[in-house]
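**Q** Below are the structure tokens for one structure; questions will follow.
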Amino acid sequence: MGTRTPEIDAYIAKAPEFARPILERIRAAFHAGCPAIEERIKWGVPSFEYRGMLGGMAAFKHHVTFGFWKSRLMEDFDRLFARGPRSSPMGVRVTSLADLPAKKVLVAYVKEARRLNDEGVKEPRRASPKRAVRVVVPPDLTAALAKDAKARATFEGFSPSHRREYIEWITEAKRDETRRRRLETTLAWLAEGRHRNWKYERKA
């Protein structure tokens with residue numbers, strides 16, 4: 001059987017009032033679609049895991065985001081995902097319960113995500129480095145950038161390679177504490193308009 005953690009109970013309780021029923025419905029759909037799912041707080045937001053990462057959700061002042069880790073490989077039968085070069089696994093954004101798909105549709109998406117993990121499906125490697133590489137922004141960085149307009153503007157203005165330098169630095173952290181520190185430093189440097197390796201750049 002799956003797990004329900006008090007940490008996510010607390011996260012929902014502290015969320016803005018409009019967000020609580022949205023978070024509860026998303027949470028319920030994950031459990032309905034994957035009864036063996038495990039909950040945890042990862043990178044500061046609720047995540048749902050089953051044979052690896054399955055999906056997650058996050059609350060902000062005026063909206064809620066949620067999504068699936070392998071959304072790029074899922075069948076998008078209700079046109080839920082906004083796919084593109086800057087799309088994120090947490091890219092579904094809602095502001096009310098009315099914005100959510102019907103319960104059976106949301107559960108169907110969870111089942112589709114579960115199927116991919118059951119079958120061990122992994123995102124394919126890029127065949128040629130000359131082709132444009134899609135940069136997947138992790139949920140904690142997405143959430144942090146949403147709260148910092150200056151850092152977000154710098155990040156979105158960077159080339160894919162410069163964005164990837166920050167993403168890899170954050171995701172390669174071995175400990176959650178290290179990852180949090182790197183995330184804080186990333187926001188500070190981005191707010192100053194700096195590249196990840198700005199210390200090594202030649203001064204004009």
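**Q** Looking at region 106-123, can you tell me whether even one residue there is in contact with a Lys or Arg (Cβ under 9 Å, 6 or more places away or on another chain), modelled with pLDDT of 85 or more, under 25 Å from Glu17 (Cβ atoms) and part of a loop (DSSP other than H, G, I, E, B)?
**A** no
**Q** Can you name the number of the only condition in (1) in contact with an Asp or Glu (Cβ under 9 Å, 6 or more places away or on another chain); (2) surrounded by 11 or more Cβ atoms within 10 Å (Cβ to Cβ) that Trp198 fails?
**A** (2)
**Q** Follow-up. Report, by residue number, each residue of region 30-62 that is outside any loop (DSSP other than H, G, I, E, B) and open to solvent by 40 Å² or more (accessible area, probe 1.4 Å).
**A** Ala32, Glu38, Arg40, Ile41, Lys42
**Q** Return the residue satisfying two criteria in turn: it lies in region 138-149 and is part of a helix (DSSP H, G or I) and open to solvent by less than 60 Å² (accessible area, probe 1.4 Å), and of such residues it is farthest from Met57 (Cα to Cα).
**A** Filtering region 138-149 for residues that are part of a helix (DSSP H, G or I) and open to solvent by less than 60 Å² (accessible area, probe 1.4 Å), the one farthest from Met57 (Cα to Cα) comes out as Leu145.
**Q** Cβ-Cβ under 8 Å, sequence separation 6+ or interchain: first residue in region 168-186 and on the phi < 0 side of the Ramachandran plot and of a type in the set (D, E, K, R), partner surrounded by 14 or more Cβ atoms within 10 Å (Cβ to Cβ) and assigned to a helix (DSSP H, G or I). Which pairs?
**A** Note: pairs meeting the criteria are Arg179/Asp140; Arg179/Ile170; Arg179/Thr171; Arg182/Trp169; Arg182/Ile170.
**Q** Restricting attention to region 150-160, report how many residues are part of a helix (DSSP H, G or I) and crowded, with 17+ Cβ neighbours inside 10 Å.
**A** Residues in region 150-160 being part of a helix (DSSP H, G or I) and crowded, with 17+ Cβ neighbours inside 10 Å: 4 in total.
**Q** Let me ask something else about it. Being over 24 Å from Arg179 (Cβ atoms) and surrounded by 15 or more Cβ atoms within 10 Å (Cβ to Cβ) is the filter here; which residues of region 1-20 pass it?
**A** Across region 1-20, the qualifying residues are Phe18, Ala19, Arg20.
**Q** Go through region 41-79 and count every residue that is over 20 Å from Val107 (Cβ atoms) and more than 14 Å from the chain's Cα centre (by Cα).
**A** Of the residues in that region, 3 qualify.
**Q** Is it the case, given these coordinates, that Pro21 is touching a residue at least 40 places away in the same chain (Cβ under 8 Å), assigned to a loop (DSSP other than H, G, I, E, B) and out of contact with any Asp or Glu (no Cβ under 6 Å at 6 or more places or on another chain)?
**A** Here the answer is no, as Pro21 does not meet what is asked.
**Q** Of all the residues that make up region 161-176, how many are of a type outside the set (D, E, K, R), more than 16 Å from the chain's Cα centre (by Cα) and either within 17 Å of Arg194 (Cβ to Cβ) or crowded, with 16+ Cβ neighbours inside 10 Å (or both)?
**A** Of the residues in that region, 3 qualify.
The values are calculated or read from the model by the stated rules, or taken from the named source; none is laboratory data. Here the structure is a predicted model, which means the values were calculated and not measured. When we count neighbours, we look across all protein chains shown, and the Cβ atoms used for this are built from the backbone with ideal geometry, even at glycine. We work out accessible area using only protein heavy atoms, side chains counted, and drop any ligands, DNA or RNA first. Shrake-Rupley method; radii C 1.70, N 1.55, O 1.52, S 1.80 Å.
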